[in-house]
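The next block holds one structure in the form of structure tokens; read it before the comments.
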Amino acid sequence: MRRFHSYGPVDCEEHFCVPRTGLVQECLEQLIGHPDKGGHYFTIWAPRQTGKTWLMRQVQKRLETEYEGQFLVGSMSMQGVVIKDDDPSEAFFECVPRLFEDHLGLQVAKPATWAEWKDLFSKNRGVVDRPTILFIDEFDSLPFQVIDQLVTLFRDMYLNRGHYLLHGLALIGVRAVLGVGSERGSPFNVQRSLHVPNLTREEVTDLFRQYEQESGQEVADEVVEAMYTNTRGQPGLVGWFGELLTEKYNPGPGKSIGQQAWKHTHHAALHLEWNNTVLNLVKKAKGAYQDKVAELFGNSELEFSIDEDWCNYLYLNGIIDSVTITDANGLLRSYCIFSCPFVQRRLFNAFSSEVFDPKSALVLHPLDDLADVFAGETLNLPALLQRYRDYLQRLEDKGLSPWQGQPRRSDLHLTEAVGHFHLYAWLRQAVGRLCVVSPEFPTGNGKVDICIICKEKKGIVEVKSFVDRSTLEVSLGQAADYASSLGLLEVTLAVFVPTREQEILDKLSGEREIEQVVVQVMAIGWG
């Protein structure tokens, strides 16, 4: 029986897969172009583990079957090419003979110059004897100097294609293929770039229907929907969740895969299981643009612009996406959102763990049994947040600040997300053994709530950064509306205020009833 697969290209004979016929056909047509006049040179781009290499292999099979003998077809991967930093061009030339022999079946001498390398495809001086179609995979793994030289020569061959036998070319990667970071820009006309999209809802459903047919085990519709919603069809994540769900966390023969199996799988993917694609995303998110990633957790109107280095980097690496809406003035605006809820949750966990240090002070007083928090019919969240204020005071008494070095807004106030991260991490330490503490992302960007469930009692904490009184009033109304939509009669607003003056914090704190919803405000000093 076939299985789900998430590491490397999918093999449809061994793994569940969808044909993606339209995408394969589009790529094939671009490479062929006009069979007698020449095909196109273009780029195939997408984040890691989204099916770029699989697409290349499918198109290569079609070429070799449907155009047998008409083209010389080869695919080269640059991943295993070792380039020395001291002389990257010379190191690349050393690899050329092996690349041509392994992937095109041609014996060539090592070129001494870039001109000699280009001449390998020449009609008069080259080693190829017919129109050639070439795929170059993992193009990003090459040093920048080599990438820049190669795309310059490819562009020249394309413009003077009457002198060369390179009929069609596809460069496959994430950033370099689109010219990101290069003063020369994209290697070819960017209109010829081919983006590998996520799987559609229908394609994800098809994968699990294949599993049901071959295994005889039913997968509940709501499980498939939850998987698609959490991954937004990102192929690598779909394959990974499929592996976990149907193998490691499978309830067993004769049992359908339902919500309980999904809950175990989702929890394990968030907290227990290793995945290289996810670890790579987290590493990139915590890199040079981590301040922007953190800001997105507290700003629902962070504008998306591909001209911004931070924006295109996070987009091309699968960390963020964009959503376009019409504003109140009828203007179209594009905003950043996280690429999918699962990635957002993993990043929230990763950022929270970095902000909070449980060894710096006692999370709770040793004799505190939290009786008043759990005694009533509902959770007493203001009482719980008072413990958090006491914890911050203990840090201050020791001369420690959890806010030092954390991202700040242009007005030098801490970004709202820092409060989200720190409070969430403290809550998990304080009541995580007694309750389920989880972040909720109702909009996909900006808005983050903290949900606390203890047996049958549920409470919501909304986290805000204080701007002014009028903005706080608006936040109160929004919190009441949100609680009402969840069927809750009360909600707690944790408002981080850039002051330590207790009198101000006390005046901002309190209880209000709005549209039959009790809104508890707890002002927390920080900064």
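Just one of (1) open to solvent by less than 60 Å² (accessible area, probe 1.4 Å); (2) farther than 19 Å from SER75 by Cβ fails for MET157. It is (2).
Checking GLU225, GLU214, GLU243, GLU301 one by one, the residue that is open to solvent by 20 Å² or more (accessible area, probe 1.4 Å), outside any loop (DSSP other than H, G, I, E, B) and touching a strand residue (DSSP E or B) at 6+ places or on another chain (Cβ under 9 Å) is GLU243 and no other. Give ALA479, ALA483 a once-over and let me know the one that is in contact with a Leu (Cβ under 6 Å, 6 or more places away or on another chain), outside any strand (DSSP E or B) and open to solvent by less than 70 Å² (accessible area, probe 1.4 Å). Criteria check complete, one pass: ALA479.
Just a yes or no: is a residue in region 62-76 closer than 24 Å to ASN276 by Cα and either modelled with pLDDT under 95 or surrounded by 13 or more Cβ atoms within 10 Å (Cβ to Cβ) (or both)? Looking through region 62-76, at least one residue is closer than 24 Å to ASN276 by Cα and either modelled with pLDDT under 95 or surrounded by 13 or more Cβ atoms within 10 Å (Cβ to Cβ) (or both).
GLN79 passes every criterion in (1) farther than 30 Å from ASP11 by Cα; (2) within 37 Å of the chain's Cα centre (by Cα); (3) assigned to a loop (DSSP other than H, G, I, E, B); (4) among the polar types (S, T, N, Q) apart from (1).
For region 435-446, does any single residue satisfy the condition of being open to solvent by 50 Å² or more (accessible area, probe 1.4 Å), free of Cβ contacts under 8 Å to residues at least 40 places away in the same chain and hydroxyl-bearing (Ser, Thr, Tyr)? Taking every residue of region 435-446 in turn, none turns out to be open to solvent by 50 Å² or more (accessible area, probe 1.4 Å), free of Cβ contacts under 8 Å to residues at least 40 places away in the same chain and hydroxyl-bearing (Ser, Thr, Tyr).
Filtering region 16-41 to residues that are surrounded by 12 or more Cβ atoms within 10 Å (Cβ to Cβ) and free of Cβ contacts under 8 Å to residues at least 60 places away in the same chain leaves VAL24, GLN25, LEU28, GLU29, PRO35. Total residues in region 490-515 satisfying the condition of being open to solvent by 60 Å² or more (accessible area, probe 1.4 Å), touching a Ser or Thr at 6+ places or on another chain (Cβ under 8 Å) and at pLDDT 90 or above: the figure is 1.
Scan region 487-516 residue by residue and report those that are under 10 Å from LEU476 (Cβ atoms) and over 35 Å from the mean Cα position of the chain (by Cα). Residues satisfying the conditions are ARG512, ILE514. I'm trying to understand the selection: among the residues of region 309-324, which are modelled with pLDDT under 90 and either closer than 23 Å to HIS420 by Cβ or open to solvent by 40 Å² or more (accessible area, probe 1.4 Å) (or both)? Hit for region 309-324 is ASP309, nothing else.
Filtered by the rule that a residue be in contact (Cβ under 8 Å) with a residue 24 or more places away in the chain, open to solvent by 30 Å² or more (accessible area, probe 1.4 Å) and farther than 30 Å from THR229 by Cβ, region 345-381 gives ASP357, PRO358, LEU362, LEU364, HIS365, PHE374, GLU377. Only residues that are within 37 Å of the chain's Cα centre (by Cα), open to solvent by less than 80 Å² (accessible area, probe 1.4 Å) and not hydrophobic (A, V, I, L, M, F, W, C) were counted across region 101-120, and they come to 1.
Residues in region 253-298 that are hydroxyl-bearing (Ser, Thr, Tyr) and either open to solvent by 70 Å² or more (accessible area, probe 1.4 Å) or within 27 Å of ALA46 (Cα to Cα) (or both): THR265, THR277, TYR289. If you scan region 474-503, which residues turn out to be in contact with a strand residue (DSSP E or B) (Cβ under 9 Å, 6 or more places away or on another chain), under 20 Å from THR415 (Cα atoms) and among the aliphatic types (A, V, I, L, M)? Answer for region 474-503, where residues must be in contact with a strand residue (DSSP E or B) (Cβ under 9 Å, 6 or more places away or on another chain), under 20 Å from THR415 (Cα atoms) and among the aliphatic types (A, V, I, L, M): LEU476, ALA479, LEU493, ALA494, VAL495, VAL497.
The values are calculated or read from the model by the stated rules, or taken from the named source; none is laboratory data. A quick note: this is a predicted structure, and the numbers were derived from the prediction, not measured. Every residue, glycine as well, gets a Cβ built from its backbone with ideal geometry; the counts of neighbours run over all protein chains shown. Heads up: the accessible areas ignore ligands, DNA and RNA and are worked out on the full protein's heavy atoms, side chains in. Shrake-Rupley method; radii C 1.70, N 1.55, O 1.52, S 1.80 Å.
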